[in-house]
Amino acid sequence: MSKVHNFSAGPCILPQEVFKEASEAILNFNDLNLSLIEISHRSKDFVVVMEEARTLVKEVLGVPEGYTVLFLQGGASLGFLKVAYNMMRANKRGGYIVTGAWAKKAVKEANFVGEGKVVATSEDRNFNYIPKNYKSVSDCDYLHITSNNTIFGTQLHEFPDVGVPIVCDMSSDIFSRKVDVSKFDIIYAGAQKNLGPAGTTLYIVKDDVLGKSSVGIPTMLDLNIHASKDSMFNTPPVFAVYASMLNLRWLKANGGMNWIEARNNEKADLLYAEIDRNPLFEGTCDKKDRSKMNVTFVLKDESVGAKFDEIWNASNISGIKGHRSVGGYRASIYNALSIESVQALVGAMKELESN
Ligand SMILES: *Cc1c(COP(=O)(O)O)cnc(C)c1O
């Protein structure tokens, strides 16, 4: 099998070691002669997995005391609703910085519970920058932000400090760089961008915010219930949690956040340098707001598009077609993608230039 350079935006690349170990556990888990997916989630063998996964999140990311880690279901898309239910207080209003399509969806869900107030948006330029000034949030119970905009290729390189609790959708850059978790009240992330397979959603919740909502919360959306049951209120997505745990082991064994942040910076620098150097290409976002996970770029002259497609296909590159709302190309360079894959893409861009 020749190596495919997989730039998929999500679900996406995970380390080969993780795929191998996860597939072995499907056939024979812990030498039980049983599959991981046919044993009780209450069995000792699985409870150990859930506990290791939760502990590794804390260790690898440096989660301080006073936070609970949960592996739930419903994706970040249910998270939009869940965080609104759990964070509404007397104002019944959340402030939203709308930096892309996902943030817009988060506002929509907040409006089912209370009010989602847009305090800033970059929709005027198709979300190709991060708005820096926003309306007061003093009438809001929390501020919701999206750390990385998977579709549009922007990223927050600084987090707001505005005197209200911060809730952050980190679906597409969690575990890609160091973050000071103590600045957030809830961090949540669909696993399938940088953590594991689709099917589980990570929540890192400050214990102080639990049980304080001003609205009634349906049981499955109540983070307090899930926290009180150690993330086992109901049957968890056992395979997705297991594979996420393996991925966190991989991250820890290789050097944790210091290692991965340096590696991700190296990959992003290499690719953006070529986008800026190569006269045929240009980036789609303001340079200071560029994402180190999803690199969006276009050809200045569309007429060489077919030729470029031919070149990157021949280089075993996969998954770089841009999202339909931006066009062009999007190279997602998540944790498990190697520098060699970025070099292959840069090589294809150079080959187009010399053609
Ligand atoms: C992919 C993505 C989502 C949606 O995640 P689901 O798990 O599919 O619901 C939400 N927010 C961001 C930033 C994403 O990248």
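The values are calculated or read from the model by the stated rules, or taken from the named source; none is laboratory data. Keep in mind the model is a prediction, meaning the values are calculated, not measured. Backbone-built Cβ (ideal geometry, glycine too); neighbour counts: all protein chains shown. Accessible surface areas use protein heavy atoms only, side chains included; no ligands, DNA or RNA. Shrake-Rupley method; radii C 1.70, N 1.55, O 1.52, S 1.80 Å.
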task: Using a 10 Å Cβ count of at most 11 others and DSSP loop calls, identify the longest part of the chain lacking such GluC sites (Glu not before Pro).
output: 159-355
query: For the range 256-354, which whole-number percentage of the solvent-accessible area (1.4 Å probe, protein heavy atoms only) is attributable to carbon and sulfur atoms?
result: 49 percent
statement: In deg cm²/dmol, rounded to the nearest 500, the helical mean residue ellipticity at 222 nm of the chain, built from -39500 (n - 2.57) for every DSSP H run of length 4 or more, is -11500 deg cm²/dmol
field: Restricting the range 20-126 to trypsin sites (Lys or Arg not before Pro) in coil, as DSSP defines it, with at most 11 other Cβ within 10 Å
entry: Arg42
field: Efficiency of FRET from Cβ geometry, Val47 and Glu21, R₀ 22 Å, rounded to 0.05
entry: 0.70
field: Antiparallel %, DSSP beta bridges [both residues in the chain], to 5
entry: 55 percent
Candidates Asn91, Asn128, Asn264: whichever shows maximal mean-square fluctuation once the chain is modelled as a Gaussian network with Cα springs under 10 Å: Asn91
- request: Would you mind computing, in nm to one decimal, how far apart the modelled labels at Glu302 and Gln73 are, each placed 7 Å from Cα along Cα→Cβ?
  value: 4.3 nm
- prompt: In the full protein assembly as shown, how much of Thr235 is accessible to a 1.4 Å probe, in Å² to the nearest 10?
  reply: 80 Å²
- prompt: From the phi of every residue in the range 27-37, what ³J(HN,Hα) in whole Hz does the Karplus formula 6.51 cos²θ - 1.76 cosθ + 1.60 yield, where θ is phi - 60° and glycine or proline is x?
  reply: 8, 8, 8, 6, 6, 7, 6, 9, 7, 3, 8
query: Can you tell me the Rg and the Dmax, both Å, for the Cα atoms in the range 157-301?
result: 18.6, 57
query: Taking Lys82 as the anchor, which aspartates and glutamates have their alpha carbon closer than 16 Å to its alpha carbon, excluding any fewer than eight residues away along the same chain?
result: Glu109, Glu115, Asp141, Asp169, Asp185, Asp207, Asp222
query: Dividing the alpha-carbon radius of gyration of the range 256-354 by 2.2 N^0.38 Å (N being the number of residues), what value is obtained?
result: 1.03
- request: Round to a whole angstrom and tell me the spacing of the C-alpha centers of the range 279-355 and the range 6-24.
  value: 21 Å
task: Determine the distance separating the Cα centre of the range 93-115 from the Cα centre of the range 171-243; give it in Å without decimals.
output: 18 Å
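Within the range 249-355, report the trypsin sites (Lys or Arg not before Pro) that DSSP leaves as loop and that have at most 13 other Cβ atoms within 10 Å.
Values: sites: Arg249, Lys252, Arg263, Lys267, Arg277, Lys287, Lys288, Arg290, Lys292, Lys300, Lys307, Lys321, Arg324, Arg330, Lys350; in loops: Lys292, Lys300, Arg324.
Those that pass, being in a loop and sparsely packed, are Lys300, Arg324.
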- request: Note down the net charge around Ser8, summing +1 for each Lys or Arg and -1 for each Asp or Glu among other residues with Cβ under 12 Å from its Cβ.
  value: +3
query: Applying the Karplus parametrisation 6.51 cos²θ - 1.76 cosθ + 1.60 with θ = phi - 60° to the phi angles of the range 285-293, what ³J(HN,Hα) value in whole Hz is obtained for each residue in order, glycine and proline being reported as x?
result: 10, 4, 4, 6, 10, 5, 7, 8, 10
message: Under the 0.36 nm per residue contour assumption, what length would be gained going from the current alpha-carbon distance of Ser354 and Ala314 to full extension?
response: 12.8 nm
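For every other residue with a beta carbon closer than 15 angstrom to the beta carbon of Asp139, add +1 if it is Lys or Arg and -1 if Asp or Glu, then tell me the sum. Don't jump to the answer; show the numbers that get you there.
Working: positive: Arg89, Lys92, Arg93, Lys117, Lys135; negative: Glu115, Asp141.
Neighbour charge sum, excluding Asp139 itself: +3.
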- line: In nanometres, the difference between 0.36 nm per residue of separation and the alpha-carbon distance of Lys321 and Met232 is 28.2 nm
Trypsin sites (Lys or Arg not before Pro) within the range 179-245: DSSP coil, no more than 13 neighbouring Cβ in 10 Å: Lys212, Lys229
message: Taking the solvent-accessible surface of protein heavy atoms with a 1.4 Å probe, what is the per residue accessible area of the chain in Å²?
response: 42 Å²
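Measure off, as a whole percent, the carbon and sulfur share of the 1.4 Å-probe accessible area of the range 20-115, all protein chains present.
Values: 2320 of 4400 Å².
With neighbouring chains kept in place, the figure for the range 20-115 is 53 percent.
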statement: Surrounding charge for Val60, neighbours by C-beta under 11 angstrom, Lys/Arg +1, Asp/Glu -1, total +3
